1. When each pair of different Cα atoms in the chain is counted once in the 1/r mean, what is the Kirkwood radius in angstroms, to one decimal?
2. Go through region 101-187 and name the trypsin sites (Lys or Arg not before Pro) that are in a DSSP coil and have 14 or fewer other Cβ atoms within 10 Å of their Cβ.
3. What is the dipole size for region 189-265, taken about its Cα centre, with +1 at each Lys and Arg Cβ and -1 at each Asp and Glu Cβ, in debye to the nearest 20?
4. Using the Cα centre of the chain as origin and beta-carbon charges of +1 (Lys, Arg) and -1 (Asp, Glu), tell me which of A555, N512, A497 is placed farthest towards the positive end of the dipole.
5. Could you line up E7, E61, E583 from fewest to most neighbouring Cβ atoms inside 10 Å?
6. Roughly what angle does helix 566-578 make with the longest principal axis of the chain, taking Cα atoms, 0 to 90 degrees, to the nearest 10?
7. Among the GluC sites (Glu not before Pro) within region 434-475, which fall in a DSSP loop and have no more than 14 other Cβ atoms within 10 Å of their own Cβ?
8. By the 4.7 Å beta carbon criterion, which cysteine residues of the chain come out unpaired?
Amino acid sequence: LFQIDFEPLGKRGQCTSEMSLLDCARQTGIGINSVCGGIGDCQSCKIQIIDGTSSPPTESELKAFSEREIRDGWRLACQSYPTSACKLNIPPESMTTMQRMQTEGIQTKISPDPAVKLFPVNLSSPSMNDQLADADRVIHYLDTSYSIKDALVDIDVLRQLSRHLRAMDWRCKVAIRSNEIIGIIPQTSSRVGLAIDIGSTKIAGYLVNLDDGNTLCSKGIVNPQVSYGEDIISRIQLAMKSVTEAVMLRQLVLDAINGLAADLCQDINIKPWEIIDAAIVGNTVMHHLFLGLPVGQLANAPFIPAISKALDIKARHNGLNLAPGAYIHILPNIAGFIGSDHTAVLLTLTDTIARGTTLILDIGTNTEVSLINDSQISCVSCASGPAFEGGHIKHGMRAAEGAIERLKITDVSVKYQTIGSIPPIGICGSGLLDAVAQLYCGQVIDAGGKMQKNHPRVRVSNNQLEFILVTEDERDGKPAITITQKDVREVQLAKGAIRAGIQVLLENNRINEGKLDQVIIAGAFGTYLDINSAIMIGMIPSLPSGHYSQVGNAAGAGAKIALASIAKRKEAQAIASRTRYIELGSYTGFNELFINSTYLGSSPEQYKTRRL
Ligand code: FES
């Protein structure tokens, strides 16, 4: 066993020579990015060995680093196996825990109509002359005071009932769902529910006052599964390896949600057992992993989910620690790659959608796009990949402190803004999009994405052209931050996938982009991207800026709405059932459309709508 020190965290782990440094970090509870799941492909797990020795650099590492960087100890954690005790430096851009967490989204007013009701109960204490059993006493009170006939008691509530009634001096609130007692809480407590949006990268949690639908507090955390691969395909592959791996992935999310719920409760000074209801959304793979459903069939055509309909199950049967008899409501999925998170987005935007022909994009490693035309909803799922999360990009990183998030290139000068206004350490999705748009505008790259040699900031490194955004000098001798020819290609693939998806929806509905009344962009990346840059490279239709709105985490907002209202849960089911899913893989001419869409620039002729 070798001792491994992780700096600047000051954490220490043990590692065998059979374990990669990435495995050792995971085992020590340190989140290192691993976009490709550890196959040496993405370069997101960069670390520096500052003391100690390890296995010789692999081909992937020789590709990722210059000779000098290798000499300075730079390695890919997934490729490097220790041969002695080591001290490592984990640069911020490789850490999973520091990114900007967006939990807030559009606020919609609803009339609360929650599934769980609270009834204050003031019981007389038993005596030698009043021998009614504890549960019978509560049931009798509910009958005589509230005309609730023959209430049932959840077995776990019953197990705690006698102790709780005495501790609360026979005065409490009884939480009832349908006819079942699912919790006993103090009389001072109010109706609190938990809404969760399980994203592939982030998990957003909210405590909601079920009496008025208001958010009491919210928090975002990294989905701990991220250290096993960023995109959902690598999670599916891992889950399919063995039952142990699938159980491990599920447990990671359950522990994270329980921890998140406990943290949120601390913020408003309640205990998790006072949470009486929950609503959960997530993409279909996250949904299946959370519920312990098989995911193999999602990776292979025809990509069929185990279930699409909404589910109501006991929280404890799925490993969540809420009120002892509480249920969780899981919103319905739409298709194999359109999950309940998108249903939640549509639910949140119902009122906005009513205002004409609407395009809705939720941009992530998978981008869901819906078109609402004449109250018909159709949708597609585009494999946009991890580029906008910083994956597969040489100096890419997530939206964390030090990431270049905005950028302006004029002739030879580059002006940028970083998150937290600290010196730059990499570039995140919105900065990358700006960079490609500016390079295209300045003719440093052409419409085909080819970088031109004749710009003073363009140089050759590792056999490819790259544009220097921040020089070594500006970084006090640290390696320059650049955009490489390959990075440009990655952006072209991402934007091509999204734009081709949009075009399929337009063609299929026989409308052209000029007919769109509005475009709504949801999701964390969508909140920060510059609409002009996205239009400039042709990722989204070229419409006046007034047509666009950026609504933040609308999936989380939808989970909150469903949490607070039974009527809205029914509406979500109706939306999911009537949404028409178009599978891009079987769409005639899709490949040609995709290739056309990878070209930069916003020329609608590119998309002469072939079927109008
Ligand atoms: S290169 Fe190491 S995780 Fe992808």
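1. Numbers: mean 1/r = 0.0386 Å⁻¹.
Its Kirkwood hydrodynamic radius stands at 25.9 Å.
2. Working: sites: K109, K117, R137, K149, R159, R163, R166, R171, K173, R177; in loops: K109, K149.
Here the trypsin sites (Lys or Arg not before Pro) that fit, given the DSSP loop and packing criteria, are K109, K149.
3. Details: 6 positive and 8 negative charges, 32 e Å.
For region 189-265, the charge dipole is close to 160 debye.
4. Of A555, N512, A497, it is N512.
5. Working: E7 13, E61 21, E583 16.
The fewest-first ordering by Cβ neighbours comes to E7, E583, E61.
6. Once rounded, one gets 40 degrees.
7. Working: sites: E466, E472, E474; in loops: E472.
In loop regions of region 434-475 (DSSP not H, G, I, E or B), the sparsely surrounded GluC sites (Glu not before Pro) are E472.
8. C45, C78, C86, C172, C217, C265, C379, C382, C428, C441
Values in this text are rule-based calculations from the coordinates and carry no lab data. Everything numeric here is computed off the predicted structure, so don't read it as measured data. Neighbour counts run over all protein chains shown; Cβ positions are idealised from the backbone, glycine included.
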